[in-house]
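First comes the structure, then the notes that go with it.
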Amino acid sequence: MGKLTFLLGGARSGKSSHAQKLAQETGRSVTFLATAQALDEDMSARIKRHQQDRPVDWVTLEIPSNIAEALQVNDAVDETQALNAMQKEIDDLLAFMREGKQDWIVISNEVGLGVVPAYQMGRAYRDILGSANQRIAHEADRVLFMVAGIPMIVKG
């Protein structure tokens, strides 16, 4: 497996721009895997901004996560089902990464530092993403935590 760098941070902490900088510094070809979906105008604008910021020679694959299938539209979430779906996603992703020799930069939101979500779905999302982050951080060669655009080394 190539080197895995895991970037964590809150919203607008500089994760994407730092990941782009790290990828460009390698001097190698880059394939960007985008999992976000433009489900509202704000996210659509954010995605467009990220697309414009990316170098034109990067290959972009837009593949949304399957975890959302485990969540229901209302606030009632089967946390066990969602957790199992997330664990399968992470297992499959890590297995795929281990098979190749390319380096990886994975970005995720750190959601455990904020206010406790008022709704069960929000709390389930926070807990499940926290578990996913822990799994990836454990496997990563390097973990960076972004604060106000500044990367702090957590591991590696």
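Checking Ala124 against (1) more than 13 Å from the chain's Cα centre (by Cα); (2) surrounded by fewer than 18 Cβ atoms within 10 Å (Cβ to Cβ); (3) touching a residue at least 24 places away in the same chain (Cβ under 8 Å): exactly one of these is not met. Which one?
Against the list (1) more than 13 Å from the chain's Cα centre (by Cα); (2) surrounded by fewer than 18 Cβ atoms within 10 Å (Cβ to Cβ); (3) touching a residue at least 24 places away in the same chain (Cβ under 8 Å), Ala124 comes up short only on (2).
Does Leu22 meet the test of being touching an Asp or Glu at 6+ places or on another chain (Cβ under 6 Å), surrounded by 13 or more Cβ atoms within 10 Å (Cβ to Cβ) and either within 22 Å of Phe145 (Cα to Cα) or of a type in the set (Lys, Arg) (or both)? Steps first, please.
On the way: touching an Asp or Glu at 6+ places or on another chain (Cβ under 6 Å): no; surrounded by 13 or more Cβ atoms within 10 Å (Cβ to Cβ): yes; either within 22 Å of Phe145 (Cα to Cα) or of a type in the set (Lys, Arg) (or both): yes.
When the stated conditions are applied, Leu22 does not pass them.
Return the residue satisfying two criteria in turn: it lies in the range 34-57 and is among the acidic types (Asp, Glu) and closer than 17 Å to Lys21 by Cβ, and of such residues it is modelled with the lowest pLDDT. If you could, list the steps in order and put the result at the bottom.
Initial filter on the range 34-57 (among the acidic types (Asp, Glu)): 40-42, 53, 57.
Those still in the list that are closer than 17 Å to Lys21 by Cβ too: 53, 57.
Working: Asp53: 87, Asp57: 84.
Applying the filter and picking the extreme gives Asp57.
Given Ala95, Ala132, which one is free of Cβ contacts under 8 Å to residues at least 12 places away in the same chain, part of a helix (DSSP H, G or I), of a type in the set (A, V, I, L, M) and closer than 22 Å to Phe32 by Cβ?
Details: Ala132 fails: free of Cβ contacts under 8 Å to residues at least 12 places away in the same chain.
Ala95 is the lone residue from the list that is free of Cβ contacts under 8 Å to residues at least 12 places away in the same chain, part of a helix (DSSP H, G or I), of a type in the set (A, V, I, L, M) and closer than 22 Å to Phe32 by Cβ.
Quick one: would you say Leu4 is at pLDDT 85 or above, surrounded by 17 or more Cβ atoms within 10 Å (Cβ to Cβ) and either touching a helix residue (DSSP H, G or I) at 6+ places or on another chain (Cβ under 7 Å) or of a type outside the set (Phe, Trp, Tyr) (or both)? Let's see the steps before the verdict.
Working: at pLDDT 85 or above: no; surrounded by 17 or more Cβ atoms within 10 Å (Cβ to Cβ): yes; either touching a helix residue (DSSP H, G or I) at 6+ places or on another chain (Cβ under 7 Å) or of a type outside the set (Phe, Trp, Tyr) (or both): yes.
In short, no.
So which of Asn133, Asn109 ends up being at pLDDT 85 or above, surrounded by 11 or more Cβ atoms within 10 Å (Cβ to Cβ), closer than 25 Å to Lys3 by Cα and touching a strand residue (DSSP E or B) at 6+ places or on another chain (Cβ under 6 Å)?
On the way: Asn109 fails: touching a strand residue (DSSP E or B) at 6+ places or on another chain (Cβ under 6 Å).
Selected residue: Asn133, the only one of Asn133, Asn109 that is at pLDDT 85 or above, surrounded by 11 or more Cβ atoms within 10 Å (Cβ to Cβ), closer than 25 Å to Lys3 by Cα and touching a strand residue (DSSP E or B) at 6+ places or on another chain (Cβ under 6 Å).
Of the residues Arg28, Arg12, which single one is among the charged types (D, E, K, R), in a loop (DSSP other than H, G, I, E, B) and over 14 Å from Ile105 (Cα atoms)?
Numbers: Arg28 fails: over 14 Å from Ile105 (Cα atoms).
Going through Arg28, Arg12 in turn, the sole match is Arg12.
The values are calculated or read from the model by the stated rules, or taken from the named source; none is laboratory data. These numbers come from a predicted model, not from an experiment. No Cβ is skipped: glycine too gets one built from the backbone with ideal geometry, and neighbour counts run over all protein chains shown.
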